[in-house]
1. Please report how far the C-alpha centroid of the range 17-47 lies from that of the range 409-430, rounded to the nearest whole angstrom.
2. Counting only helical runs of four or more DSSP H residues, what would the 222 nm mean residue ellipticity of the chain come to if each run contributes -39,500 (n - 2.57) and the total is spread over all its residues?
3. Across the chain, how many lysine pairs, 8 or more apart or on two chains, come within less than 26 Å at their alpha-carbon atoms?
4. What are the ³J(HN,Hα) values, in whole Hz, obtained from phi via the Karplus relation 6.51 cos²θ - 1.76 cosθ + 1.60 with θ = phi - 60°, for each residue of the range 109-125 in sequence order, with x given for Gly and Pro?
5. How are the alpha carbon pair distances in the range 214-312 distributed across 10 Å bins from zero to the largest one, expressed in percent?
6. When the chain is fully extended, how far beyond the present Cα-Cα distance does Tyr83 get from Glu45, taking 0.36 nm per residue of separation?
7. For the range 64-320, what mean projected area does the convex hull of the alpha carbons give, in nm²?
8. Using Cα springs under 10 Å in a Gaussian network model of the chain, which residue among Ala11, Ala126, Ala138 shows the largest mean-square fluctuation?
Amino acid sequence: ASSMDTELGEAMQRRLRSFGKASVLFYQEPIRMERAEGVYMFDVEGRRYLDLYNNVPSVGHSHPRVVEAIRRQVGVLNTHTRYLNDVVDAYAERLLATFPPEIDHVVLTCTGSEANDLALRIAKVATGRAGFIVTETAYHGNTTAVTDVSPSSRPGQPLPPHVRVVPVPEMFRNPVGDPGKSFADSVAAAIDDLEQTGVGFAGLLVDTIFSSDGVYADPAGFLAPTVKLVHERQGLFIADEVQPGFGRTGAAMWGFARHGVVPDIVTMGKPMGNGFPMGGVAMRAPLLDRFAEEVKYFNTFGGNPVAAAAGLAVLDVIEEEGLMQNAREVGRHLLDGLRDIGNRHIEIGDVRGAGLFIGLELVRDRETKEPAPELASQLINRLRQRGILIGAAGPFGSTLKIRPPLCFGKDHADIFIAACDEELRAIPLA
Ligand code: PMP
């Protein structure tokens with residue numbers, strides 16, 4: 001073995017010695033990552049990788065504006081959240097200004113999981129009921145309560161008694177005439193069931209781009225009949241914006257806006273601090289007021305001055321660099337380019353998404369639409385070898401999850417499209 005292989009082997013063993021079986025690494029040949037800038041990451045050998053996986057550093061890796069905001073604030077004040085502080089209040093105001101006027105209160109947390117955990121608690125207090133509805137392959141985070149509503153984290157396990165799942169309106173395998181109605185019908189049946197079993201209906205929690213379900217963005221507006229139904233049945237609509245939020249869909253700051261709905265509660269995370277740990281729950285004021293009467297919620301680090309400074313810089317960069325518009329334009333270019341090579345590769349079953357959040361679904365057979373997770377895995381590992389980072393999602397792991405930083409350019413998109421085209425040609429058909 002070469003010295004490089006030996007070094008990688010040693011690095012992997014070192015990782016396992018401390019982190020054991022819980023260690024999660026990407027790729028058959030994991031990467032020893034060293035630094036990153038813009039849309040590129042660099043390993044310890046100085047090898048460059050085009051990043052299409054990472055929606056945490058959403059305005060670009062190590063963006064100088066965000067780095068400087070964090071650096072400056074950490075040298076001035078970095079403390080818990082029980083003092084008045086202008087940076088924190090300025091951030092809350094800037095963030096709330098991105099929402100419809102009905103959503104006028106916020107709690108800041110450190111992660112998306114904390115945000116969803118808190119959202120469930122708020123919904124339970126507001127409704128006095130405990131039942132939640134989520135999609136079949138949803139992921140909403142890692143706390144005990146949130147794992148209960150994350151079927152993708154508990155494969156093969158029975159659902160907890162207070163949780164019901166519904167299929168996502170999936171226009172690829174089960175094209176229905178009216179996806180809005182079909183989703184609402186599924187949710188109505190789940191509400192009936194929660195009520196009949198005495199649990200009661202507290203809320204519907206969905207990722208508004210259905211990323212872990214396999215990326216389902218269209219048709220825009222399909223959520224509207226369901227949100228109307230949820231309100232008629234006295235439940236709350238909780239939009240998990242951890243994935244689509246902060247401009248990624250190119251259409252608006254928030255994924256729910258594409259559907260023309262206003263949630264009761266919105267949860268946020270990942271791109272919020274461009275890598276500085278941040279999450280949040282925004283909601284209609286009466287919901288938080290009611291919750292605060294019963295529960296003393298405190299988060300030591302959530303929305304501390306450094307987080308607020310990072311968050312402000314992220315909002316500035318999205319606006320000043322026109323990243324939403326870039327997501328829209330480059331996303332369109334990427335979608336068109338991938339559909340174009342789809343005409344040449346029968347393994348590409350579907351290309352779908354919104355803005356810079358695209359799912360490319362690989363199939364073994366276009367007629368039967370049998371999913372091709374092995375092909376997805378081969379392609380992902382081949383792309384890694386040629387310096388392109390990408391992951392997979394969906395119930396079968398057969399959908400490439402294309403989610404680059406929002407400063408991704410058309411030239412970067414072309415590199416990716418050409419690489420997919422070549423690698424798909426090189427992989428022997430099974
Ligand atoms: N919601 C969704 C839709 C997510 O994708 C994730 C993270 N993958 C979370 C919530 C949880 O966020 P965190 O890992 O920051 O706790």
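1. First find each Cα centre; the distance between them is then 22 Å.
2. Details: 12 runs with 163 residues, N = 430.
Mean residue ellipticity at 222 nm (helix-derived): -12000 deg cm²/dmol.
3. 12
4. 10, 9, 9, x, 4, 4, 5, 5, 4, 5, 4, 5, 5, 5, 5, 5, 5
5. 14, 39, 33, 14, 0
6. Numbers: separation 38, 0.36 × 38 = 13.68 nm, distance 4.52 nm.
Taking Tyr83 through Glu45 to full extension adds about 9.2 nm, to one decimal.
7. Details: hull surface 54.9 nm².
In nm², the orientation-averaged hull projection of the range 64-320 is 13.7.
8. Maximum fluctuation in the GNM of the chain, among the listed residues, is at Ala11.
Quick note: the coordinates plus some simple rules give every number you see, no bench work behind them. Given the structure is predicted, the values throughout are model-derived calculations rather than measurements. Backbone-built Cβ (ideal geometry, glycine too); neighbour counts: all protein chains shown.
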